[in-house]
Amino acid sequence: MLSASPHLSVPSARRTLLPRAGRVDVARDPRLGGGNVWQTALAHSRDPDATLVVADPPIPGVDGLPRAEFGIAALCALADAWSAWYLAQGVRPRDRVGLYIEDSFEEHAHLAALAQLGAIAVVVNGRLPGDVVLGLLRRADAIGLYTDAAHLQRLAGGEKELPSLRWAFTRDDAGDLSGAVLPDRARYRHGDSDPVFLCHSSGTTGNPKLVTWTHRQSVAGPAFRLAAQPEPADSLLLCAAPLSHGAAIAVTLFALLAGLPTVALSDRSAAGLSRAADLYRPTTVFAFNHALAELALSDADPEAFSSVRDWANVGDSAHEAHVRRLVRLGHRHVDGERVPGSVFHDILGSSELGWAALRRTTTADTPSAPRHLGRPVGGMKVAVLREDGTPAGPDEVGMLGVRGDSVTTGYWNDDDTYHRSRLAGYFLSGDLVRRNAANEYFHVDRIVDTIPTAGATGHSVLMEDTLLLALPEAADCAVVAGGDRGATVPVAVVRLRDGDTAAQTHPDRLLARANSALAAIGQPPLAALEIAVTDDDLPVGATGKVLKRRLREKYRDLPAHLATAPHADAAERLAVAGYGRPRVDVAETLSRIAEDVLEADAVALSDGFHTELRIDSLQKIEIVTRVERAFDVRFEAEEAAGADSLADLLDLLTRRGPVTAAPEGGAR
């Protein structure tokens, strides 16, 4: 891999930042759009040859040799050369071309080159497994693929089976692009709604979705910030988010238009961030929660981050414990005076939203407020919605809906999913939130991650924040829904900080402290706590987000998992909570009750009361009454009336949490 020069500096980059009037001119340029950002930035640049972007690691220049520093003129020359090359490969407007390479600024160069032709880049995270990438390329009907040798090998020849794919090239195949000329007639003139590129969602809840970014929509967020939020003259951005992600693309579009000097960093480890901060002296660090959490727990050298004024977290909301560590680093200005401690900006956004929807700022002096999302960002309309689309009241939990010019216009080749994600004119982000009377928003959970337990719903993100504050030896954690003989129960996976091995032999103590903290905030207790000892124990996806769906699958049968734990030291890394009453096989008990009432040999959970079993109302009442007695519960009249099978009754039981036998048994 190419590596950055250890003595690289960017003194000339300070000459590029546009003044406020220049920024407003760019924002109001009627031609501005995602299809021509680089050319627009060139037209408005103060110094086209001054260093504007540092690629770390360097990327191939026009001649194929590694290059790290680029002015906007050099960037446009590189994009033009690649546009000419793609044109020679037969790429035309509306064609989709996949980009599957090692994460670097090279992806942005190819996106710009394809956009100039009216083609549509399919920007794929280089950490995705080959089978997932092939699925994305198939869905996009990509006609070509730009990749590298390592990633081509990862596809294992599967690209040859894609019906629309005509070619797959690497940088070595392209050769020296010097002298390549893009005819002016080949430059595409975009309409506002023309697609410019496709990026993909994280895939934490299933297969990644291809998110469409169009000409005007893709610059709506950058244009708003250009007009509303000028940076100080000494600003330098360290972009450490995955460079293939929509968030990194959007902030880079903004930086190029504003003339904001930017370092595009691929090594997002704590060591990589520390090296880059010490070398480039950024004033703002823009990264995902996973990278910032690792840095927060790394005992970072304060001197390396002394230049940092602002942290910008995108993706998942940051955990309070990690935020508090980071704001101790760097500096900020208060009433014109430099004071220790930086500002943390927690930003709620996504590939689909195209820009920030909510933002919260935190300093060392800010009172602790776990899961506080802040207030809506200008230019975005945010609402908390009930299932029928009506607005929720103050402090009522509902679905987060977002409306704004930066929100995606759809999922490529998946209209059904897109339209199911809309309600009352808003795009549903998939989050549960509440809003107080002061218009402050608070994150409750991701909808798919809620945990229905005994009499209440557990909220995984709130539980995780609580655990990290209550267990200082924990570096990270995840709480998911597990299954225990028909019941839904919370299970936590905790990764300990380096050096905290003593606690590892006492997971039962961690569990006791965790449940005490959860009880204090009205959240359900954990049924089990497991200490992660390998990466697979706390799996993350391509963007660093925890893959909770894999953990749910792992713990869907908690007793079986406990019985077959693959590690020899399972007893030293697993703790299980007791429930005081003996467990029963819920499904078996339900079938036995129905068989006794109906005097039948066998009753399946799926047998309909009125279709297959043909029972009368008195028999159904008898079954429901015996179930209530057996499990010491009481169903609402509407619940009992709506149940049409034993499976429905099982669902009603498990929604109430851990299912136990009544004190006296009572099945009859």
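Can you name every residue in the range 79-110 that is more than 16 Å from VAL196 (Cα to Cα) and without any contact (Cβ under 8 Å) to a residue 40 or more places away in the chain?
Within the range 79-110, ALA88 is the sole residue that qualifies.
Rundown of residues vs (1) at pLDDT below 95; (2) within 27 Å of MET463 (Cα to Cα), yes/no style:
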site	(1), (2)
GLY341	no, no
PRO367	yes, yes
LYS381	no, no
ARG386	no, yes
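In this structure, is THR534 closer than 29 Å to VAL314 by Cα, β-branched (Val, Ile, Thr) and in contact (Cβ under 8 Å) with a residue 60 or more places away in the chain? Please lay out each step first, then the result.
Values: closer than 29 Å to VAL314 by Cα: yes; β-branched (Val, Ile, Thr): yes; in contact (Cβ under 8 Å) with a residue 60 or more places away in the chain: no.
Here the answer is no, as THR534 does not meet what is asked.
Yes or no: the range 107-126 includes at least one residue that is charged (D, E, K, R) and open to solvent by 10 Å² or more (accessible area, probe 1.4 Å).
Applying the first criterion (charged (D, E, K, R)) to the range 107-126 yields 107.
Now drop any that are not open to solvent by 10 Å² or more (accessible area, probe 1.4 Å), which leaves none.
No, the range 107-126 contains no residue that is charged (D, E, K, R) and open to solvent by 10 Å² or more (accessible area, probe 1.4 Å).
Quick check on my filter: what residues within the range 424-458 are open to solvent by 40 Å² or more (accessible area, probe 1.4 Å) and hydrophobic (A, V, I, L, M, F, W, C)?
Correct list: ALA424, ALA437, ALA438, ILE447, VAL448, ALA454, ALA456.
Please list, ordered by first then second residue, the pairs with beta carbon atoms under 7 Å, 6 or more apart or interchain, first in the range 550-575 and under 13 Å from GLU530 (Cβ atoms) and aromatic (Phe, Trp, Tyr), second at pLDDT 80 or above and open to solvent by 50 Å² or more (accessible area, probe 1.4 Å).
Final answer for the pair search is none.
Which of the strands (runs of 3 or more DSSP E) found entirely inside the range 166-228 contain at least 2 residues meeting this: farther than 30 Å from ASP449 by Cβ?
167-170, 195-200
Which of the residues spanning the range 552-562 are touching a helix residue (DSSP H, G or I) at 6+ places or on another chain (Cβ under 9 Å) and either at positive phi or surrounded by 17 or more Cβ atoms within 10 Å (Cβ to Cβ) (or both)? Working first, answer last.
So in the range 552-562, the residues touching a helix residue (DSSP H, G or I) at 6+ places or on another chain (Cβ under 9 Å) come out as 552, 554-555, 561-562.
Those that are touching a helix residue (DSSP H, G or I) at 6+ places or on another chain (Cβ under 9 Å) and either at positive phi or surrounded by 17 or more Cβ atoms within 10 Å (Cβ to Cβ) (or both): ARG552, LYS554, TYR555, HIS561.
Out of the residues in the range 476-490 that are in a strand (DSSP E or B) and not small (Gly, Ala, Ser), which is surrounded by the most Cβ atoms within 10 Å (Cβ to Cβ)?
First, pick out the residues of the range 476-490 that are in a strand (DSSP E or B): 476-484, 487-490.
Checking the rest, the ones that are also not small (Gly, Ala, Ser) come to 476-477, 479-480, 484, 488-490.
Numbers: ASP476: 24, CYS477: 26, VAL479: 30, VAL480: 24, ASP484: 24, THR488: 24, VAL489: 26, PRO490: 27.
Looking at residues that are in a strand (DSSP E or B) and not small (Gly, Ala, Ser), I get VAL479.
Can you report the number of residues in the range 462-493 which are under 20 Å from the mean Cα position of the chain (by Cα) and farther than 12 Å from PRO524 by Cβ?
Qualifying residue count for the region: 9.
When only residues in the range 351-369 that are open to solvent by 50 Å² or more (accessible area, probe 1.4 Å) and in a loop (DSSP other than H, G, I, E, B) count, which is farthest from VAL334 (Cα to Cα)? First the steps, then the outcome.
First, the residues of the range 351-369 that are open to solvent by 50 Å² or more (accessible area, probe 1.4 Å): 359, 361, 364-365, 367-368.
In the following step, the residues that additionally are in a loop (DSSP other than H, G, I, E, B) were identified as 364-365, 367-368.
On the way: ALA364: 13, ASP365: 12, PRO367: 18, SER368: 20 Å.
Among them, the one singled out is SER368.
Return the total of residues in the range 120-147 being of a type outside the set (D, E, K, R) and touching a residue at least 60 places away in the same chain (Cβ under 8 Å).
Looking only at that region, the number is 12.
Here is a list of conditions, (1) closer than 18 Å to ARG435 by Cα; (2) of a type outside the set (Val, Ile, Thr); (3) outside any loop (DSSP other than H, G, I, E, B); (4) touching a residue at least 40 places away in the same chain (Cβ under 8 Å), and HIS322 meets all of them except one; can you say which number that is?
Of the numbered conditions (1) closer than 18 Å to ARG435 by Cα; (2) of a type outside the set (Val, Ile, Thr); (3) outside any loop (DSSP other than H, G, I, E, B); (4) touching a residue at least 40 places away in the same chain (Cβ under 8 Å), the odd one out for HIS322 is (1).
Select, from PRO129, PRO195, PRO163, PRO183, the only residue that is of a type outside the set (Phe, Trp, Tyr), farther than 27 Å from GLY64 by Cβ and open to solvent by less than 50 Å² (accessible area, probe 1.4 Å). Outline the logic, then answer.
On the way: PRO129 fails: open to solvent by less than 50 Å² (accessible area, probe 1.4 Å); PRO163 fails: open to solvent by less than 50 Å² (accessible area, probe 1.4 Å); PRO183 fails: farther than 27 Å from GLY64 by Cβ.
Going through PRO129, PRO195, PRO163, PRO183 in turn, the sole match is PRO195.
Answer yes if at least one residue in the range 494-505 is β-branched (Val, Ile, Thr), surrounded by 22 or more Cβ atoms within 10 Å (Cβ to Cβ) and either outside any helix (DSSP H, G or I) or at pLDDT below 90 (or both), and no otherwise. Walk me through how you get there before you give the answer.
Of the residues in the range 494-505, the ones β-branched (Val, Ile, Thr) are 494, 501, 505.
Keeping just the survivors that are surrounded by 22 or more Cβ atoms within 10 Å (Cβ to Cβ) gives 494.
So of that shortlist, the ones also either outside any helix (DSSP H, G or I) or at pLDDT below 90 (or both) come out as 494.
Yes, the range 494-505 contains at least one residue that is β-branched (Val, Ile, Thr), surrounded by 22 or more Cβ atoms within 10 Å (Cβ to Cβ) and either outside any helix (DSSP H, G or I) or at pLDDT below 90 (or both).
A quick yes/no check of all residues on (1) under 24 Å from the mean Cα position of the chain (by Cα); (2) open to solvent by 20 Å² or more (accessible area, probe 1.4 Å):
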position	(1), (2)
LEU273	yes, no
TYR280	no, no
THR284	yes, yes
HIS290	yes, yes
ALA293	yes, no
ALA304	no, no
GLY341	no, no
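Limited to the range 71-112, what total is found for residues that are among the aliphatic types (A, V, I, L, M), within 21 Å of ASP56 (Cβ to Cβ) and touching a helix residue (DSSP H, G or I) at 6+ places or on another chain (Cβ under 9 Å)?
Going through the range 71-112, the residues among the aliphatic types (A, V, I, L, M) turn out to be 72-75, 77-79, 81, 84, 87-88, 91, 97, 99, 101, 109, 111-112.
Subsequent filtering for residues that are within 21 Å of ASP56 (Cβ to Cβ) retains 72-75, 77-79, 99, 101, 109, 111-112.
If we keep only those that are touching a helix residue (DSSP H, G or I) at 6+ places or on another chain (Cβ under 9 Å) as well, we get 72-73, 75, 78-79, 99, 101, 109, 111-112.
Result for the range 71-112: 10.
Any idea which of ALA293, ALA277, ALA255 is among the small types (Gly, Ala, Ser) and at pLDDT below 95?
Details: ALA277 fails: at pLDDT below 95; ALA255 fails: at pLDDT below 95.
Of the residues listed, the single one that is among the small types (Gly, Ala, Ser) and at pLDDT below 95 is ALA293.
So the check is Cβ under 7 Å with 6+ separation or different chains; which pairs have a first residue in the range 364-376 that's farther than 22 Å from ASP431 by Cα and a second one that's surrounded by fewer than 20 Cβ atoms within 10 Å (Cβ to Cβ) and among the charged types (D, E, K, R)?
From residues that are farther than 22 Å from ASP431 by Cα, the pairs are ALA364/ARG328.
Which numbered condition trips up GLU473, out of (1) open to solvent by less than 20 Å² (accessible area, probe 1.4 Å); (2) acidic (Asp, Glu); (3) closer than 20 Å to ALA575 by Cβ?
For GLU473, the exception is condition (1).
Taking into account only those residues within the range 635-654 that are in a loop (DSSP other than H, G, I, E, B) and either buried (at least 16 other Cβ atoms within 10 Å of the Cβ) or in contact with a helix residue (DSSP H, G or I) (Cβ under 6 Å, 6 or more places away or on another chain) (or both), which is modelled with the highest pLDDT?
Filtering the range 635-654 for residues in a loop (DSSP other than H, G, I, E, B) gives 635-636, 643-644.
In the following step, the residues that additionally are either buried (at least 16 other Cβ atoms within 10 Å of the Cβ) or in contact with a helix residue (DSSP H, G or I) (Cβ under 6 Å, 6 or more places away or on another chain) (or both) were identified as 635, 643.
On the way: PHE635: 85, ALA643: 88.
Looking at the filtered set, the residue picked out is ALA643.
The values are calculated or read from the model by the stated rules, or taken from the named source; none is laboratory data. From a predicted model like this one, the values you see are computed outputs, not experimental measurements. Cβ atoms come from the backbone with ideal geometry, glycine included; neighbour counts cover every protein chain shown. Areas reflect the complete protein model, heavy atoms only, side chains present, ligands, DNA and RNA absent. Shrake-Rupley method; radii C 1.70, N 1.55, O 1.52, S 1.80 Å.
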